[in-house]
1. For residue 271, indicate whether it is within 19 Å of residue 253 (Cα to Cα) and outside any strand (DSSP E or B).
2. Out of 257, 249, which single residue is within 19 Å of the chain's Cα centre (by Cα), on the phi > 0 side of the Ramachandran plot and either assigned by TED's automatic domain parsing to the domain that holds residue 399 or in a loop (DSSP other than H, G, I, E, B) (or both)?
3. Identify, please: which residue in segment 299-323 is closer than 22 Å to residue 397 by Cα and free of Cβ contacts under 8 Å to residues at least 24 places away in the same chain and is, among those, farthest from the chain's Cα centre (by Cα)?
4. Among the candidates 446, 374, which residue alone is in contact with a strand residue (DSSP E or B) (Cβ under 7 Å, 6 or more places away or on another chain), farther than 29 Å from residue 266 by Cβ, at pLDDT 95 or above and outside the structural domain of residue 323 (by TED's automatic domain parsing)?
5. Quick one: count up the residues across segment 397-447 that are surrounded by fewer than 16 Cβ atoms within 10 Å (Cβ to Cβ), over 16 Å from residue 152 (Cβ atoms) and free of Cβ contacts under 8 Å to residues at least 60 places away in the same chain.
6. Would you please list the contacts, defined by Cβ atoms under 7 Å and residues six or more apart or on different chains, that run from a residue in segment 183-194 that is over 12 Å from residue 316 (Cβ atoms) and assigned by TED's automatic domain parsing to the domain that holds residue 255 to a residue that is modelled with pLDDT of 95 or more and not in a loop (DSSP other than H, G, I, E, B)?
7. Exactly one condition in (1) part of a loop (DSSP other than H, G, I, E, B); (2) surrounded by 19 or more Cβ atoms within 10 Å (Cβ to Cβ); (3) touching a strand residue (DSSP E or B) at 6+ places or on another chain (Cβ under 9 Å) is not met by residue 206; state its number.
8. Can we say residue 198 is in a strand (DSSP E or B), under 21 Å from the mean Cα position of the chain (by Cα), at pLDDT 95 or above and surrounded by fewer than 21 Cβ atoms within 10 Å (Cβ to Cβ)?
């Protein structure tokens, strides 16, 4: 396929997506006096946090349905949310759904908005089901773990636009005022022509995979992998795709979501991981038109230096996107600038908020800002759709992983059109699900 703009490539998903748009009405414009019913799909800490923030977003928002593959996280999240929002928790026992089909039951339960926060391997199927049913959605990052999943997400994005549905992405970095002003200035030429971006994601280690001896005797392959999902590429996409995707997304934002031409990478596994099959470190080099480069460094190894900052190098200056603890972007260029707003410490906020379960206000809490803007867009009948850039950033991350796993140079077209399908077509608790071997650069094939 000839190289083309990323948005145009969404035509690959087929012309069957030309769905009739819904007229503004029940789903696309809700007055402030109307009650919006929210359904939560994926009841871990991030999902419960998103639900709490959705309830804070508007006085007439209620949670009416919850779904998870497992009973324990659902019950735990339900109990905590009930204590935090006693007047807005309307989830009755019959609206608590458990199992592999819980997502569909939540969608079919009469909700207006769904929050998608399961492991990302499930995201494409869940988003498609939500959009097919005409639901507004919050879609946690990343949006897929393989290229077929990204193509499915691209199809859902088009369908959501046709139906006037709001779709907000879980890339929270784009929901802070200081960040928005910083990148606006970069795009306006504050540091001249952007020549390179160096993004770091030296972060916390992934929860380690327990040894096979810890597996309960009657637990099937699927449940065993789902309960330790961070350690499997088909479920998480790898730590690079699941966690460093924030750094990749900032690269995309800095370059106006332009598609890279190609990528090369190094990476591997330094720490023991028993049965898991993800890398714990990568370094990816993206090449863009006009000889622009982006470098994304990723590491999730215990007792190592932490850094999540970016450096933007231009023809007439430098931009600094800071790490946790000093969240104040700055520019040294044609005119020096430092964001004058509050010096937001996201690390401290995250710790105090008990894994994002509490909000500190829409101006200072990006997770809250996401839910507030989502609900406001539904109220106004002016839908937000983050779909194009969220799919773009997800594919950029997958492209980097492909380059690291295979040791090959990977073009954008190869990544977009890859036929490597990591997620099984049909899932069953009793299925045999072998663990794919760890990738070996130079041996693992590019598909």
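1. Taking the combined requirement at face value, the residue does not satisfy it.
2. Of 257, 249, the one residue that is within 19 Å of the chain's Cα centre (by Cα), on the phi > 0 side of the Ramachandran plot and either assigned by TED's automatic domain parsing to the domain that holds residue 399 or in a loop (DSSP other than H, G, I, E, B) (or both) is 257.
3. 320
4. The unique qualifying residue is 374.
5. Summing the residues that are surrounded by fewer than 16 Cβ atoms within 10 Å (Cβ to Cβ), over 16 Å from residue 152 (Cβ atoms) and free of Cβ contacts under 8 Å to residues at least 60 places away in the same chain in segment 397-447 gives 6.
6. Listed pairs, sorted by first residue: 183/253; 183/254; 185/331; 185/337.
7. (3)
8. The answer is yes for residue 198.
The values are calculated or read from the model by the stated rules, or taken from the named source; none is laboratory data. Owing to the predicted nature of the structure, the values given are computational and were not obtained by experimental measurement. Cβ: placed from backbone, ideal geometry, glycine included. Neighbour counts: every protein chain shown.
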